[in-house]
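See structure below.
Since every read-out is calculated from the coordinates, none of them should be taken as a lab result. Since this is a predicted model, take the numbers as computed values, not measurements. Please note: Cβ atoms are built from the backbone with ideal geometry, for glycine as well, and neighbour counts cover all protein chains shown.
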Amino acid sequence: MITIEQFAQLELIVGQIKEVGEHPNADRLYVLKIDIGGEERQLVAGIRGAYAKEELLGRKIVMIKNLEPAVIRGVESQGMVLAAAGLNGPVVLSPEKDVPVGSKIK
């Protein structure tokens with residue numbers, strides 16, 4: 001269990017996928033370029049088996065902005081895409097209605 005104060009430390013925001021590339025060292029990973037409103041982030045996401053590149057390009061997603069960067073199989077990831085565990089693989093979380101890139105999740 002975490003406290004509400006600990007949860008409040010997470011910066012959950014809406015980003016938009018601008019580029020999708022295959023990870024050079026992993027068959028299940030994509031390298032994504034995400035517009036978060038005035039800034040671009042690179043994220044590594046284990047969603048390659050569930051989505052074609054075309055399905056992701058331009059899509060708005062929910063991500064953690066203030067996660068400490070991590071190197072995943074040789075590529076730096078500067079945040080995390082949120083996804084649910086679906087029956088046929090991960091399901092990327094997206095806002096139900098159109099909201100501006102960089103919008104905070106409250």
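Some notes on this structure:
- Computed E for Lys18/Lys106 - FRET, C-beta separation, R0 25 angstrom, nearest 0.05: 0.50
- Only DSSP H runs of four or more residues enter the estimate; each adds -39500 (n - 2.57), and after division by the residues of the chain the mean residue ellipticity at 222 nm equals -1500 deg cm²/dmol.
- In plain terms, the residue of Arg59, Arg41 with the fewest other Cβ atoms within 10 Å comes first and the most crowded comes last, giving Arg59, Arg41.
- Using C-alpha pairs under 8 Å with a sequence gap of at least 6, the mean separation divided by the residue count of the chain gives a relative contact order of 31 percent.
- Average projection, convex hull of the Cα set of the chain: 7.4 square nanometres.
- When the pairs Lys65/Lys106; Lys18/Lys106; Lys53/Lys104 are compared against a 22 Å limit on Cα-Cα distance, Lys18/Lys106; Lys53/Lys104 fall above it.
- Choice from Lys53, Lys65, Lys33 showing the highest fluctuation, given a GNM over the chain with Cα pairs closer than 10 Å: Lys53
- Proximal charge balance of Gly21 [Cβ under 12 Å; K/R count +1, D/E count -1]: +2
- Site-free segments of the chain were taken between GluC sites (Glu not before Pro) in DSSP loops having at most 16 other Cβ atoms within 10 Å, sites themselves excluded; the longest one is 40-95.
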